[in-house]
2 protein chains.
Amino acid sequence: MLESAMLSVTRRLLIEHGYDGMTVEAVAKAAGTGKAALYRRWPGKSELVIAAVRALQAPVVVPDTGSLRGDLLECARHYTSGHEEAALVMGALLSDATRHPELGKAAYDAIGAPPAAALAAVIRRWTDRGVIKASAPIELIGGLLPAIAFRNVVMRRTRLDVGTAETLIDGVLLPALTAGQVD
Amino acid sequence: MLESAMLSVTRRLLIEHGYDGMTVEAVAKAAGTGKAALYRRWPGKSELVIAAVRALQAPVVVPDTGSLRGDLLECARHYTSGHEEAALVMGALLSDATRHPELGKAAYDAIGAPPAAALAAVIRRWTDRGVIKASAPIELIGGLLPAIAFRNVVMRRTRLDVGTAETLIDGVLLPALTAGQVD
């Protein structure tokens with residue numbers, strides 16, 4: 001049994017039962033292996049789950065399409081077409097994060113932070129180029145897309161849909177970032 | 001022992017241990033009463049918790065300050081100075097909502113929906129008065145303040161702070177609702 005398969009089973013049980021509702025024994029059983037094989041690699045449930053979450057982390061490229069709108073749309077693709085499993089794991093772990101802060105942090109670092117960092121980099125670039133007005137609250141605005149995507153994941157267990165992302169960019173982010181800006 | 005005291009103990013254990021981590025027996029013990037006294041009133045844990053959540057519901061008045069900005073600031077007060085316990089209960093129950101949808105719905109109906117409805121009413125009023133441009137995606141914009149407040153509650157277990165709410169209104173909501181509007 002490969003480690004990646006053990007971690008995949010771990011994520012499935014996490015999504016189905018939540019952290020408090022799953023056990024290392026159940027992972028071993030579902031993976032067709034013994035608890036010892038798991039404990040040899042990870043000292044406990046927390047380490048196993050954190051490894052399973054970290055395995056989802058993928059490099060995020062900062063888009064460079066030539067326009068602010070194009071870059072924002074490209075950033076939104078992480079939330080609209082990212083790996084569905086990552087969204088479900090994020091939702092499951094954040095559900096337990098209030099009682100297990102280290103799990104919430106691991107989930108955020110692996111899944112939530114990289115696309116948020118790409119979005120922040122895009123906003124910084126277009127601020128430097130003078131397209132985004134200096135008075136715009138860029139940190140807050142950069143957090144809106146993640147916040148809406150986060151609510152969808154936690155409350156509906158679905159990714160953000162493309163139409164909502166586009167409406168958010170055209171009807172909210174661009175006006176807030178550039179309104180009143182003299183070109 | 002008054003019902004309201006039993007429900008208050010229920011909320012405390014819910015916040016501390018989550019729905020799956022609490023029992024009717026623990027509520028009885030913490031309330032200094034017997035399980036029978038609880039089961040006489042509520043047939044099970046789910047009904048007890050839902051009653052404890054519904055007891056938090058308070059009437060929400062739609063503000064009417066004479067300006068869109070004033071009304072939005074008034075609406076934001078539900079998120080910045082609402083009962084801290086309501087935010088924590090909402091966070092705790094939404095944490096379990098993916099596994100217990102009926103609890104998430106009860107929490108949303110009692111705590112999340114009333115202030116969101118007041119915000120939507122304010123936005124409708126100022127759309128009818130022509131202050132909000134017809135092309136603004138009002139439903140999406142009306143959801144931003146609740147989404148940011150929701151993320152704070154789930155991820156940080158804190159209410160929205162006043163400064164962030166004001167920045168959101170002045171830097172995001174008002175530009176998105178009125179930018180390009182000819183008065």
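Side notes on the structure shown:
- Structure-based [θ]222 nm, chain A - -39500 (n - 2.57) summed over DSSP H runs of at least 4, per residue, nearest 500: -18000 deg cm²/dmol
- Cα gyration tensor shape of the protein assembly as shown, rounded if a/c is under 1.5, else prolate or oblate by comparing a/b with b/c: oblate
- Once the Cα atoms are used to define both axes, helix B:45-54 deviates from the longest principal axis of chain B by about 40 degrees.
- Of all lysines in the structure, the ones whose alpha carbon falls short of 25 Å from that of B:K29, not counting any fewer than 8 places away in one chain, are B:K45.
- Note on B:V62 and A:E25: with the Förster distance fixed at 51 Å, the Cβ-Cβ geometry gives a FRET efficiency of about 0.45.
- Remark: B:V154, B:V49 ranked as B:V154, B:V49, counting other beta-carbon atoms within 10 Å and listing the fewest first.
- Sorted fewest first by neighbouring Cβ atoms within 10 angstrom, B:D71, B:D161 come out as B:D161, B:D71.
- Taking other Cβ atoms within 10 Å as a rough exposure proxy, B:I123, A:I138, B:I111 sort from fewest to most as A:I138, B:I123, B:I111.
- Pairs of alpha carbons in region A:68-178 whose separation is greater than 16 Å (percent): 58 percent
- Pair A:D109, B:A36: separation of 7 Å Cα→Cβ label points (nm): 5.3 nm
- Every pair of different Cα atoms in region B:58-121 enters the Kirkwood calculation, which places the hydrodynamic radius at 12.6 Å.
- Percent RCO, i.e. relative contact order, over chain B, from Cα pairs under 8 Å lying at least 6 residues apart: 23 percent
None of the figures in this text is laboratory data; all of them are computed from the coordinates on show. Here the structure is a predicted model, which is why all the values come from computation and not from measurement. Virtual Cβ from ideal backbone geometry, glycine too; neighbours counted across all protein chains shown.
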